[in-house]
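Rule-based calculations on the coordinates, nothing more; no lab input. Since we're looking at a predicted model, the values are computed, not measured. Positions of Cβ are backbone-derived with ideal geometry, glycine not excepted, and every protein chain shown enters the neighbour counts.
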Amino acid sequence: AVLDGEVAVLGPDDVVLALNEGRVHRLVLEEDFERAGWRCDNCGALGASVESAEVCPFCRGDLHVVHRLDEALVARTIAEGGEVEIVAHGNKLHSYRGVGAFLRQTASTGLAGAGRSWPTAPGADQP
């Protein structure tokens with residue numbers, strides 16, 4: 001869908017960013033998606049790679065390891081009113097490390113994310 005121009009993202013980094021920004025309408029995961037990530041203790045933001053940060057890039061809060069990033073992604077998507085679709089490993093999604101997301105249309109202009117200013121992760125506007 002992304003390659004056909006639909007409003008969507010592929011890969012863990014882009015999906016986690018979209019989820020932190022509250023833009024995920026439908027999360028799509030391979031059934032065997034396994035990856036560790038991080039969660040901020042202060043603002044609740046998620047990260048796709050344990051090695052990528054020492055403090056939260058949104059609020060500078062402390063991070064802790066999330067061993068099952070898939071569970072964190074699913075829980076956040078459902079909590080924000082989104083849908084979750086689990087697909088077989090043989091799906092084309094595997095080329096993008098097993099995760100993608102269709103994004104919400106958040107503005108009357110039809111531009112994804114246009115209704116919010118960046119950064120929008122929970123607590124991002126905190127000093």
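Give me the distance in nm between label points sitting 7 Å out from Cα along the Cα-to-Cβ direction at VAL84 and GLU51, one decimal.
So the label points at VAL84 and GLU51 sit 2.8 nm apart.
Per residue of region 10-27, what does 6.51 cos²θ - 1.76 cosθ + 1.60 with θ = phi - 60° give for ³J(HN,Hα)? Whole Hz please, x for Gly and Pro, Karplus curve as stated.
10, x, x, 4, 5, 5, 5, 4, 4, 5, 4, 8, x, 9, 7, 8, 9, 8
Please give the FRET efficiency for ARG68 paired with ARG26, using the beta carbon to beta carbon distance and R0 = 22 Å, rounded to the nearest 0.05.
Working from the Cβ atoms, E equals 0.65.
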